[in-house]
1. Output the number of the condition that Gly558 fails; it satisfies all remaining conditions of (1) within 12 Å of the ligand (Cβ to nearest atom); (2) without any contact (Cβ under 8 Å) to a residue 24 or more places away in the chain.
2. So which residues in segment 512-525 are under 23 Å from Ile572 (Cβ atoms) and charged (D, E, K, R), if there are any at all?
3. Within segment 628-635, identify whether any single residue is among the basic types (Lys, Arg) and surrounded by 15 or more Cβ atoms within 10 Å (Cβ to Cβ), and answer yes or no.
4. Determine which single condition Thr440 fails, assuming it passes every other condition in (1) more than 30 Å from Leu388 (Cβ to Cβ); (2) modelled with pLDDT of 90 or more.
5. Within segment 322-336, which residues are in contact (Cβ under 8 Å) with a residue 40 or more places away in the chain and loosely packed, with under 12 Cβ neighbours inside 10 Å?
6. Pairs under 9 Å by beta carbon, first residue open to solvent by 30 Å² or more (accessible area, probe 1.4 Å) and within 12 Å of the ligand (Cβ to nearest atom) in segment 537-552, partner aromatic (Phe, Trp, Tyr) and outside any helix (DSSP H, G or I), six or more apart or different chains?
7. Can you find, within segment 571-628, the residue that is nearest to the ligand (Cβ to nearest atom) among those that are over 44 Å from the mean Cα position of the chain (by Cα), acidic (Asp, Glu) and over 23 Å from Asp421 (Cβ atoms)?
8. Go through segment 11-63 and give me each residue that's of a type in the set (Phe, Trp, Tyr) and without any contact (Cβ under 8 Å) to a residue 12 or more places away in the chain.
Amino acid sequence: MVVAQSMMDAPLILLADDSREILTFLTDTILKPAGYEIQAVTDGLSALTLARQLQPDLLITDQNMPNLTGLELIRRVRAERPHFPAILITAEGSESLAIEALRAGASDYLVKPFEAEHLLAAVGRALQESRQWRTLCEAQARSDETADNVKQRLTELEGLAQIGRAVTAMLDLDAILKTVVDSAVKLTDAEEGSLLLLDEHSSELYMRSSKNFDEEFASTFRLRVQDSLAGQVIASGQPVLLDERSPQKIKTSYLVHSLLYVPLRVRARTIGVLGVDNRKAGRALTQEDTTVMSAIADYAAIAIDNARLYQKTEADLRKLETVLTQTEDAVLLVDLDNRLLMANGSACRAFGVDGVLIGRSLVESFEDAGLLELVRAPGHLPRRSEILVADGRVFNAQRTPIPGVGQAIVMQEITHLKELDRIKSEFVTTVSHDLRSPLTAILGYVELIGRAGPVNEQQAEFIRRVQVSVEHITALISDLLDLGRIEAGLDSAKEPLPLAMLAHYAVDGLRGAAETRGLKLEAELPDDLPLLPGDPIRLRQMIGNLIENAIKYTPEGGCVRVEAYADQDQVILRVHDTGRGIPPADQPYLFDKFYRAGNVSSDTSGTGLGLSIVKSIVDHHHGRVWVESALGRGSCFTVVLPAVVG
Ligand code: ADP
């Protein structure tokens, strides 16, 4: 066995010489004992034929031979195998023959008679050179193969880069998916390619794009997910690579020899499959193809996801646009520099502007002072105001800052509500006024009853109750009349006033009431506050109402404190008390007419109009009023009024 192996590995030498004795001598005495295998021939042409058939490792040839000389033999053999080693032996050595032998490509040249060791040394050298040459050639072949691989990788990368460019540069999804499928087929050297997407409603796959499929087949292709290979990829999210040798049977709706399916994944969900296949047996699809296809599938998934997002955004935008343009509310959107970003038809009609104003400053395009004041108002909080536009309509405008964008102004027309309010106020004022005279008469006659003759104790009590009720109705009517006058703007004359002085008057006027209820009444009212433009009677009424309430709703032993201070161009007045507080649910409605909080019993005197009057007076002085309160601990009413400027 070992011998056979060594025989197999022994270099094969083709030995050509017209002398049989020499052939036998060289074979048996020198070469075979040295471990070489010998094929011997006695003429040149036979040597050439054997050299072609046997592909020996070395040729040793005599120069003088029938049919073909040794030199010619070497030339012809080396013409076919350029690096084939050959040794020329000759009986008549000459310098010119030696030169010719080397030119023909002989690796050595021996003149008979020669020593056995010279021949073996020449054979050893020739075989050694040949082996080195072969190693070199193999290395070269290997590096050629590597270069081919690198080239192949480069082509793949170029292909992928091309898809990447297509995905980012093209907007048309059809074109992108066509590029994707074309590239998949090209880079995997497959016959056909397809991109199947999942129809979520029918749980079927349809062919969204294809290459080399019959057009009609592609457009009508429908595959149930449950029992298909593509469905397997959808379910597992893993690629599938199959050929005839695969243990699993290839199950598609058409016949193929090999195929590769990779999943299309978007946001951790498989939405479809990218596939290539070969109908004919031939080039097998490999694991490398899976890698390339997965990369292509990622691009396709991004493109599909982008396209879907784009379509959704477009649709949402159109919906929003329709809502904004069709709505009856006037809507304006400005940027951080108050340049107009959007104005719907209602807004343009309300302010009597038309034409394209987008991008222009609001100040240049809109003249309405109310709107400009609202837009320019400092602060980042929502703000509300009423705007009376040129055609007489009244809008309730809400300014909402949008961080990073600017602000939105939404305005609802409230002309009809204002009119209703006006009619109602007028009615209330008329009725209140007309009620006053009979009430005065009732009160007068009730007072006279006692003087007209003796009344018993029970009658006196009834008279007292009538008086209390009439006084309550009278207070209610004067509050209503006040409110009517204030809301109608009848007291619009304004003069610069020192708020501290008005507050002092109010505090002094109510000190007696506070003492009667056993309360401490404190005031911190600096004299150097800025003046504010206002109506002295109404402002004093406003402060008085707040202090009266504080006294009324604070139990004995408590404290009421009035303070005022300046902040930039504003004067701030606060009325604190340590009273019963106001339930949070009641606080938003406190300034509504006739509203009384749930923790006030019905026998507590009051009309529920005091705070409405406060609010109306503050509004007419362009100020703001609000309350902070904690149940059982007390309340604080704050009024902010703009000071006289300059
Ligand atoms: P009223 O005539 O009832 O006092 P107002 O309009 O002055 O009417 O006040 C409305 C309601 O607000 C009151 O009924 C009361 O429930 C609540 N309120 C006002 N001021 C205070 C206060 N300082 N402490 C607690 N509750 C108050």
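The values are calculated or read from the model by the stated rules, or taken from the named source; none is laboratory data. All values derive from a computational prediction rather than experimental measurement. No Cβ is skipped: glycine too gets one built from the backbone with ideal geometry, and neighbour counts run over all protein chains shown. SASA here: full protein model, heavy atoms, side chains in, ligands and nucleic acids out. Shrake-Rupley method; radii C 1.70, N 1.55, O 1.52, S 1.80 Å.
1. Of (1) within 12 Å of the ligand (Cβ to nearest atom); (2) without any contact (Cβ under 8 Å) to a residue 24 or more places away in the chain, only one is false for Gly558: (2).
2. Residues satisfying the conditions are Lys520, Glu522, Glu524.
3. Taking segment 628-635 and keeping what is among the basic types (Lys, Arg), we get 633.
Narrowing further to those that are surrounded by 15 or more Cβ atoms within 10 Å (Cβ to Cβ): none.
No, segment 628-635 has no match at all.
4. Tallying (1) more than 30 Å from Leu388 (Cβ to Cβ); (2) modelled with pLDDT of 90 or more, Thr440 fails exactly one: (2).
5. Keep residues of segment 322-336 that are in contact (Cβ under 8 Å) with a residue 40 or more places away in the chain, which gives 328-336.
Glu328, the sole residue that qualifies.
6. From residues that are open to solvent by 30 Å² or more (accessible area, probe 1.4 Å) and within 12 Å of the ligand (Cβ to nearest atom), the pairs are Asn549/Phe637.
7. Only one residue tops the list, namely Asp577.
8. Hit for segment 11-63 is Phe25, nothing else.
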